[in-house]
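Colleague: Quick one: this structure, given as structure tokens, is what I'll be asking you about.
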Amino acid sequence: MKGKKGIRCPKCDYKFPTSLCESCGAENLKKSSYCCRCGMEFVELVEDEPSVDWESRRLCSDGTCIGVINEQGVCNVCGKAYRGEPE
């Protein structure tokens, strides 16, 4: 898309998270292994990921959905409100 900075989806115009190459300054998708312009290998920085408590998560009430209920009480995949344990 002309006039817009960043890497965007051509269908929905979503702006993907990016980072700049330290070698040539090109914009690359975050977590890329190599620069799309100069080929420099990126060193992956280890980020502190939040620990997941697999035992206390609540699965979606819809028996066909693979989502998990978030803090707002709705499924993170289908958006349905939690109605109790799946049947």
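The values are calculated or read from the model by the stated rules, or taken from the named source; none is laboratory data. Because the structure is predicted, anything quoted here is derived from the model rather than measured. All Cβ positions, glycine included, derive from the backbone under ideal geometry; neighbour counts span all protein chains shown.
Colleague: Going residue by residue through the range 24-33, is there one that turns out to be loosely packed, with under 10 Cβ neighbours inside 10 Å, in a loop (DSSP other than H, G, I, E, B) and at pLDDT below 90?
Modeller: The answer is no; no qualifying residue exists.
Colleague: Can you name the residue in the range 5-20 that is more than 12 Å from the chain's Cα centre (by Cα) and of a type in the set (A, V, I, L, M, F, W, C) and is also surrounded by the most Cβ atoms within 10 Å (Cβ to Cβ) among such residues?
Modeller: ILE7
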